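To keep things clear, I will list the structure first and then write my remarks on it.
Quick note: the coordinates plus some simple rules give every number you see, no bench work behind them. This structure is a prediction, so every number in the text was calculated from the model and none was measured. Quick reminder, even Gly has a Cβ in these numbers, built from the backbone with ideal geometry, and neighbours come from all protein chains shown.
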Ligand code: PLP
C-alpha cells in the first residue's frame with residue numbers, strides 16, 4: 001500500500017519516507033492519539049481501528065491504568081538481566097500459569113515480539129532433543145500458508161511465499177505440510193467426505209522425511225492474516241497432535257495472533273482441548289501497550305535441558321520488567337471485564353452482520369472465530385479466479401476503508417491471494433460492528449470499481 005495523499009481528513013500527509021523503509025506502509029498517516037476503538041489524526045478526524053493495529057489490541061486504546069502499571073514497574077526496577085526475576089515478572093508468570101494457560105504449561109520464557117518468541121520456541125525444541133541425546137532430530141515441520149515471523153529461522157518454517165521471496169538462499173529448507181484450506185483444498189477433496197486427509201498427510205510427510213529426524217511440528221491453531229483466519233475442521237488439531245505424540249515430535253502452537261482471547265477462548269487450542277508442548281503468544285498479551293511475547297513450555301520439554309546443564313540463550317530485553325507489568329495489568333483487565341467472553345459474543349454478532357456480504361459477487365468466503373475474521377476476495381466467485389496480483393486489490397480495499405475512516409488489515413498470500421482481515425478491540429459495540437460491515441462493503445465495491453476502471 002503506497003499512500004501519497006492524506007487518505008482522510010485535512011491533516012497534511014507526512015511526505016518523507018524517513019519514518020519507515022517499508023514501501024507498503026502508510027507512513028503518510030500520522031496518528032496523534034488513540035482511545036477505545038479509535039485512532040485520532042492531527043486534525044481531529046478519527047479512524048475506527050477495525051484491525052486492532054496488526055490484530056493486536058484487545059482491551060482498547062488509551063487505558064491509563066496500563067500506562068501507570070508500566071511506569072511504576074519501570075521506576076521500581078528499570079532493567080535486570082533476563083535470568084533474574086522482578087516482582088512484575090513473577091506476578092505475570094503466576095497469572096499466566098494459574099489462570100490463562102492450558103494445564104501443564106508452566107515453564108515460561110519471554111521475548112520482545114512474536115518473531116523472536118517463535119525463533120526461541122524452535123531453538124527450545126531443538127535444544128530439548130540435543131540435551132536428551134537425540135541430535136538427529138533437527139527438522140522443524142511447518143505448513144503451507146502459515147506465518148511464524150520474519151527472522152530467518154521463522155521465515156524458513158513458514159509458508160508465506162511473499163515474505164520469503166529473495167531470501168531463499170539463506171533459508172534452511174524445511175518440509176511443509178498441507179494447509180487445511182478447504183476453499184481450495186490442496187488435495188482436491190471436500191469436507192467432510194475428505195475425512196480430514198490434510199491431517200493424515202502429516203503422517204505421510206513424517207514417514208517421507210523420517211520421523212526420527214523431526215524435532216517439532218509448528219502450527220497456528222487458526223491460521224492468521226497470512227491465509228485469513230483459516231479455521232480447521234474440528235478433527236484436524238486433535239489428530240495432528242496425536243500424530244506428533246506418537247512420533248516423539250514436539251507440537252508448537254503459534255498463538256501470536258490467536259492467543260489471549262482473540263478467538264473467543266483464552267487460546268486457539270482451547271477450542272479443541274489440545275495441549276501443545278510449547279505455546280507461543282504475543283500481540284494480545286499486552287494489547288499493544290508494550291513489546292512482549294511469551295514462550296510457554298511443559299516441564300518435560302525443559303527438564304532434559306536443565307539436567308544436561310544446557311540452556312537456551314535469552315534476549316537482552318526478554319522479560320523486561322515494565323513490559324511484564326503492562327501485560328499483567330492488561331490480563332487483569334481482560335479478566336475483570338470478561339473480555340474473552342465478550343470477544344466470543346461480539347464476534348458472533350459481527351459475523352451475523354457480515355452475513356450481508358456472504359453473497360457479494362467478489363466475496364469467496366468469510367471465515368474466522370471470535371473477533372478474528374478474514375474475508376477472501378476473488379474476481380469470479382463461481383470459479384474462484386482471483387484478480388491479477390498487480391491489481392493489488394487488498395491494498396485498494398484498505399485505502400478505500402481509510403478514506404471512509406475505518407482501518408482494515410491487509411492479508412493473503414497465494415493461493416489465498418486477497419484477504420481483508422478484521423480483528424477489532426474486544427470492547428467494540430454494536431455501533432462499531434455496523435460501521436465495520438458497511439465500510440467494508442463500500443471499500444470492496446470502490447476497490448473493484450477502481451480496478452475495473454469505473455471508480456475514482
Ligand atoms: N506468528 C504469527 C501467527 C503472527 O501472526 C505473527 C505476526 O503477525 C508472528 C508470528 C510474528 O510476530 P511479530 O510481528 O510480533 O514478530
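If Rh is defined by the Kirkwood formula over all Cα pairs and Rg also comes from Cα, what ratio Rg/Rh do you get for the stretch 338-456?
A ratio of 0.97.
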Taking Cα pairs under 8 Å and at least six residues apart, what relative contact order does the chain come out at, in percent? 22 percent
Give, in nm to one decimal, the length gained when the segment between residue 348 and residue 136 is fully stretched (0.36 nm per residue of separation minus the Cα-Cα distance). 71.7 nm
Taking 0.36 nm per intervening residue step and subtracting the Cα-Cα distance, what contour gain separates residue 162 from residue 311 on full extension? 50.3 nm
In deg cm²/dmol and to the nearest 500, what is the mean residue ellipticity at 222 nm of the chain if only DSSP H runs of at least 4 residues count, each as -39500 (n - 2.57), divided by the residue total? -10500 deg cm²/dmol
Using a 7 Å offset from the Cα along the Cα-to-Cβ direction at both residue 195 and residue 207, what is the distance between the two label points in nm, to one decimal? 1.4 nm
Evaluate the distance, in nm, between pseudo-label points positioned 7 Å from the Cα of residue 172 and of residue 381 along their respective Cα→Cβ axes. 4.6 nm
At q = 0.20 Å⁻¹, what log₁₀ I(q)/I(0) does the stretch 385-449 have when each alpha carbon counts as one equal point scatterer in the Debye sum? -0.76
Provide 118, 399 in ascending order of the number of other Cβ atoms located within 10 Å of each residue's Cβ, fewest first. 399, 118
Between residue 64 and residue 185, the two model label points (7 Å from Cα along the beta-carbon direction) sit apart by a distance in nm of 5.6 nm
Hydrodynamic radius by Kirkwood, which averages 1/r over all alpha carbon pairs of the stretch 221-324, in angstrom: 15.2 Å
Report relative contact order for the stretch 367-416 in percent, whole number only (criteria: Cα-Cα under 8 Å, sequence separation at least 6). 22 percent
Taking 0.36 nm per residue of separation and subtracting the Cα-Cα distance, what length does fully extending residue 75 through residue 438 add? 126.1 nm
Relative contact order of the stretch 109-216, please, whole-number percent, based on alpha carbon pairs below 8 angstrom and at least 6 residues apart. 29 percent
Semi-axes in Å, largest first, for the stretch 36-84 (Cα gyration tensor, √(5λ)) are 30, 14, 10
Per the Kirkwood formula on distinct C-alpha pairs, the Rh of the stretch 184-271 is how many angstrom? 13.9 Å
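Compute the FRET efficiency between residue 336 and residue 272 as 1/(1 + (r/R0)^6), taking r as their Cβ-Cβ distance and R0 = 35 Å, and round to the nearest 0.05.
Approximately 0.80, to the nearest 0.05.
Please state, rounded to one decimal and in Å, the Kirkwood hydrodynamic radius that the chain gives when every pair of distinct Cα atoms enters the mean of 1/r.
After inverting the pairwise mean of 1/r, the radius is 22.6 Å.
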Over the stretch 270-371, what number does the Rg to Rh ratio reach, with both radii from the alpha-carbon atoms and Rh per Kirkwood? 1.11
